[in-house]
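Working notes, beginning with the structure itself.
Computed from the coordinates by the stated procedures, all read-outs in this text should not be read as laboratory data. The model shown is predicted, which means the values in this text are computed figures rather than measured ones. Don't worry about glycine lacking a Cβ; one is built from the backbone with ideal geometry, like all the others, and counts go over all protein chains shown.
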Amino acid sequence: MIGMSTTSVATPHRVLILGGGFAGVQTAQSLETRLGARTDVEIWLVNQDNFMLFTPLLPEVCSGHLEPRHVVSPLRAMFKRPSTWCITAEVQRIALDERTVTVLGGDGDLHRLRYDSLVLALGGETATFGIKGLQEHAVGMKTLADAFSLRNRVIEMLERAELEADPAERQAQLTFVVGGGGFSGVETAGEVEEFVRHVRRRYYPRVGDDEIRAYLVELKDALLPEMPAKMGRYAHRQLTRRGYQVLLGTAIREVREDEVVVGEEQRTISTRTVIWTGGVRPAPLVAESGVACDHAGRAQVKATMETSAPGVFAIGDCASIPRPEGSQPHAYAPTAQNAVREGKQLADNILARIDGRELRPFRYETIGQLASIGAHRGVGVVFGIKVRGLIAWVMWRGYYWSRVPGFNRKVRVAIDWALTALFGADSVQLKVDDAHSALGSTGRRRPPLREDAPTG
């Protein structure tokens with residue numbers, strides 16, 4: 001049982017951060033740095049998991065280049081101040097008028113947490129855009145579970161194909177469809193293709209290389225629309241050479257158990273594996289909280305990241321942060337690179353508000369963009385210089401390796417890459433079903449409500 005909070009004569013100003021992604025963690029870390037020896041401010045960070053996921057490397061988990069545990073960092077190990085609390089819980093309700101947040105803890109109870117300053121860094125979730133059957137039959141690429149499930153799915157299809165006597169069913173099992181041609185889609189497509197070809201040659205000799213089919217479906221008329229057109233064309237050529245059928249200007253209309261429907265002509269592709277990377281929507285809790293939001297559900301904030309509610313800030317994927325007047329696009333993109341910089345500026349602004357100083361607007365110009373397309377190839381624009389091929393792939397790996405939190409994880413990632421380069425990816429399929437989990441979904445009782453769970 002978690003006890004009640006104690007009161008003191010001088011209660012510290014509580015900064016409650018909801019979300020343990022790039023934006024939320026960077027805000028908390030920057031606050032710790034700027035607070036120094038101050039004891040009048042405490043930081044509480046709430047996240048559904050007790051780790052931060054390094055999402056840029058997720059595709060390398062599904063391809064077997066990296067172990068799943070090596071792309072996550074335990075949150076409690078990322079902070080140093082005793083007044084910084086890491087709370088593993090699911091946010092249920094944000095009450096702006098009461099200045100409280102209700103969370104569901106791992107004990108199955110509800111806890112009400114008060115705040116003086118609130119940071120909405122809840123990120124986003126996979127957007128289905130109303131596509132029929134997508135949620136039921138497609139695999140996402142947003143969480144660690146998604147990457148793990150996709151790896152298992154690919155191996156399962158190869159295992160089944162070796163035993164399948166029906167040619168049509170065998171072809172469906174060996175057909176892979178990726179929806180979305182942005183950064184995540186192209187990187188996932190490249191990693192999946194590389195993984196399938198490698199394990200097929202090594203472990204599944206009864207599956208012919210010419211039996212494997214792969215499709216990349218993109219609604220827009222080019223891959224990587226966020227980058228110069230030349231980079232998108234290069235990625236298109238490389239994926240086509242490796243066997244992908246790239247369908248541009250094509251929408252996924254419906255996903256069924258054994259096929260996917262695409263395009264205006266309602267073309268069907270028989271497949272058992274659809275991977276959806278086509279979009280992310282802000283966490284619905286942001287709009288439900290009552291702060292002003294745009295049509296997509298992102299919190300509308302000032303350049304200082306202040307929302308329409310006093311003392312409430314929003315940052316990262318769930319916020320629409322305006323760029324300087326006249327800039328295109330009008331808001332900063334929901335990228336990890338931007339989220340890290342936003343967190344640093346937000347920490348300054350939170351302390352400025354506490355101390356009665358003027359808040360400063362967020363201003364940042366990206367130094368570049370990089371994307372991996374698998375098979376030791378990549379594309380990018382760095383300081384305005386276009387790079388592609390092996391050098392872009394090396395830069396991509398080098399940059400993200402440098403951003404992996406903690407020396408511990410950097411070493412683990414480097415070792416994984418070295419071992420995979422020497423021995424290749426294996427075909428182990430790990431099916432985990434924890435029947436003894438404390439978070440069992442059946443028979444849950446109605447939880448009681450407790451005030452301000454963690455205490456000093």
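Modelled this way, with points 7 Å down the Cα-to-C-beta line, the labels at GLU159 and GLU98 are 4.8 nm from one another.
What is the calculated FRET efficiency for ALA414 to THR240, with r their C-beta to C-beta distance and R₀ = 22 Å, to the nearest 0.05?
Step by step, r from the Cβ atoms, then E = 0.10.
Shown here: the stretch 118-181, whose C-alpha atoms stretch 58, 24, 21 Å along the first, second and third principal axes, sorted largest to smallest. One equal scatterer on each Cα of the stretch 214-268, no solvent, Debye formula: the resulting log10 I(q)/I(0) at q = 0.24, 0.31, 0.32 Å⁻¹ is -0.93, -1.17, -1.20. Which whole-percent values make up P(r) of the stretch 1-132 when all C-alpha to C-alpha distances are grouped in 10 Å steps starting at zero? Taking all Cα pairs of the stretch 1-132, the binned fractions are 11, 37, 34, 14, 4, 0 percent. Where a ≥ b ≥ c are the square roots of the eigenvalues of the C-alpha gyration tensor, would you call the stretch 134-278 rounded, which needs a/c under 1.5, or, failing that, prolate if a/b is larger than b/c, or oblate? It comes out prolate by the Cα gyration axes. Over the C-alpha atoms of the stretch 215-354, the Rg to Rh ratio, Rh being the Kirkwood estimate, stands at 1.09. When DSSP beta bridges are restricted to pairs lying wholly in the stretch 134-278, around 30% turn out antiparallel. Report the relative contact order of the stretch 134-278, percent, no decimals, based on alpha-carbon pairs under 8 angstrom and at least 6 residues apart. Worked out over the stretch 134-278, it gives 34 percent. Annotation: lysines with alpha-carbon distance below 28 angstrom to LYS220 (same-chain offsets under eight excluded): LYS132, LYS142, LYS230, LYS386.
Length gained on full extension, ILE354 to GLN135, computed as 0.36 nm times the residue gap minus the Cα-Cα distance: 74.5 nm.
Whole Å is fine, so just give me how far the alpha carbon centre of the stretch 320-397 lies from that of the stretch 195-222. Using only Cα atoms to place each centre, the spacing works out to 33 Å. The Cα-based radius of gyration and maximum Cα-Cα distance (Dmax) for the stretch 282-392 are 16.7, 53 Å.
As a footprinting exposure proxy, order ASP146, ASP116 by other Cβ within 10 Å, with the fewest listed first. Could you put the intermediate results ahead of the total?
Values: ASP146 20, ASP116 17.
The order, fewest Cβ neighbours first, is ASP116, ASP146.
Would you mind checking the stretch 336-352 for residues with the amide N under 14 Å from a putative spin-label position 7 Å along Cα→C-beta of ILE367? Answer for the stretch 336-352: 337-338, 340-341.
Farthest toward the positive end of the dipole of the chain, out of HIS295, GLY424, SER270, is the Cα of GLY424, where the dipole comes from beta carbon charges about the Cα centre.
Compactness check for the chain: Cα Rg over 2.2 N^0.38 Å is 1.03.
Each Cα pair under 8 Å and six or more residues apart adds its separation to the average, and for the stretch 1-143 the resulting relative contact order is 29 percent.
How much length is gained on full extension from HIS376 to ASP294, taking 0.36 nm per residue of separation minus their Cα-Cα distance?
Details: separation 82, 0.36 × 82 = 29.52 nm, distance 3.96 nm.
So the chain would gain 25.6 nm between HIS376 and ASP294.
Pull out the extension gain between ARG38 and ALA331, defined as 0.36 nm times the separation in residues minus the alpha carbon to alpha carbon distance; nm, one decimal.
Taking 0.36 nm per residue and subtracting the Cα distance, the gain is 102.1 nm.
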